[in-house]
1. Being open to solvent by 90 Å² or more (accessible area, probe 1.4 Å) and more than 27 Å from the chain's Cα centre (by Cα) is the filter here; which residues of region 51-65 pass it?
2. All but one of (1) in contact (Cβ under 8 Å) with a residue 12 or more places away in the chain; (2) under 16 Å from the mean Cα position of the chain (by Cα) hold for ILE261; which doesn't?
3. Step by step: first the residues of region 157-195, then only those that are open to solvent by 40 Å² or more (accessible area, probe 1.4 Å) and assigned to a loop (DSSP other than H, G, I, E, B), then the one that is nearest to ILE219 (Cα to Cα). Which residue is that?
4. Please determine, by comparing only the residues of region 66-77 that are in a helix (DSSP H, G or I) and of a type outside the set (Asp, Glu), which one is least open to solvent (accessible area, probe 1.4 Å).
5. Testing GLY80 on (1) open to solvent by 20 Å² or more (accessible area, probe 1.4 Å); (2) over 23 Å from ARG211 (Cα atoms); (3) of a type outside the set (Asp, Glu), one condition comes back false. Which one is that?
6. As an exercise: evaluate PHE207 against (1) open to solvent by 30 Å² or more (accessible area, probe 1.4 Å); (2) at pLDDT below 90 and give the number of the one condition it does not meet.
7. For region 185-206, which residues satisfy the criterion of being closer than 19 Å to ALA101 by Cα and among the charged types (D, E, K, R)?
8. Here's a check for you: in region 1-50, which residue that is modelled with pLDDT under 85, of a type outside the set (A, V, I, L, M, F, W, C) and part of a loop (DSSP other than H, G, I, E, B) is least open to solvent (accessible area, probe 1.4 Å)?
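The values are calculated or read from the model by the stated rules, or taken from the named source; none is laboratory data. The structure presented is a predicted model; accordingly, all values stated were derived computationally and were not measured. Cβ coordinates were reconstructed from backbone atoms using ideal geometry, including for glycine residues, and neighbour counts include every protein chain displayed. Keep in mind that these areas ignore ligands, DNA and RNA; they rest on the heavy atoms of the full protein, side chains included. Shrake-Rupley method; radii C 1.70, N 1.55, O 1.52, S 1.80 Å.
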Amino acid sequence: MTSLTHDEASAFPRVGLPHRVLPLMRQLALRAIVPVLIVLLWWLGSRSETKGLFIAPPLDVVKRTAEDFLSGNPAHLFLGDVARSDLVPSLIRATLGFWLALVVGVLIGIALGIQPVLAALFQPMIHLGRSLPTPALLGVFFLLFGTGDWPKVLLIAFGIIWPILFNTIDGVQGIGTARSQVASVFKIRSRDVFFKIVLPGAAPKIFAGARIALSLSLIMMIISELQKSKNGLGYLLVYDQRNFDYPGFWSVLVVLAVVGIVLNVVLVQIERRVLAWHRGVTSQHD
């Protein structure tokens, strides 16, 4: 076997680089087509004589978003006045509601998945709770828990817990009796069964439910802030709409879209790290 000279070896990166860059550029171009079309339709709508009164031009919205939500002050983490007064409280409520739903949903889901008797007992109650439209319960939560932040956090948690709960139950029940029998035969401790068999086995389904719940949490965040609120993005949407401030209204929608994308990317990265073992196992079976 002949070894490559230094010049030959150094030539490979220059030859291979276009083969890696071109597919990446092609993929980025394909992903950019739909957003560009959306912005184009948005701009055309803003030029309409009738609907243009309610649809602010994209450039005006971008300027308004930068003015309201960004600043050049490092002491404020480069956040503008509106970001500190409305965006941050909304994100805190959504984050608390998501983690509350995640913890409670996983714990209850594991219990119901392990014990079929409990699942049979509470199944009617769970399906009843899932079938209730959460926005209709907004007044009930305010009546029971007051008008502060916690009713909004609890409403968010109640509205998004269902995909986590059902996916956890399905994930635990999908582990199978073979592994349970192996744990029983080898007399593995209950704590090890929980942390090394049950939780890892159900983790892919739990993450799938968490991703659905995360997107729902932004919707529930807006709904919870439409009434009895003094700040938040939901409150800001209603305030701008009532004052015919359509650039401000559309800037809130842009910020919501950006927040949704960022949160999804963060959760996907966490999922890839936590479930790296799962991708390796499934690739072996492919």
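1. Once the filter is applied, which keeps residues that are open to solvent by 90 Å² or more (accessible area, probe 1.4 Å) and more than 27 Å from the chain's Cα centre (by Cα), region 51-65 yields LYS51, LEU53, PHE54, LEU59.
2. Going through (1) in contact (Cβ under 8 Å) with a residue 12 or more places away in the chain; (2) under 16 Å from the mean Cα position of the chain (by Cα) one by one, ILE261 breaks only (1).
3. Of everything passing the filter in region 157-195, GLY174 is nearest to ILE219 (Cα to Cα).
4. Residues of region 66-77 in a helix (DSSP H, G or I): 66-69, 74-76.
Retained after the next criterion (residues that are of a type outside the set (Asp, Glu)): 66, 69, 74-76.
On the way: ALA66: 45, PHE69: 12, PRO74: 85, ALA75: 86, HIS76: 72 Å².
Per the stated criteria, the residue is PHE69.
5. All conditions are met except number (1).
6. All conditions pass for PHE207, except number (2).
7. LYS205
8. Residue satisfying both the conditions and the ranking: THR5.
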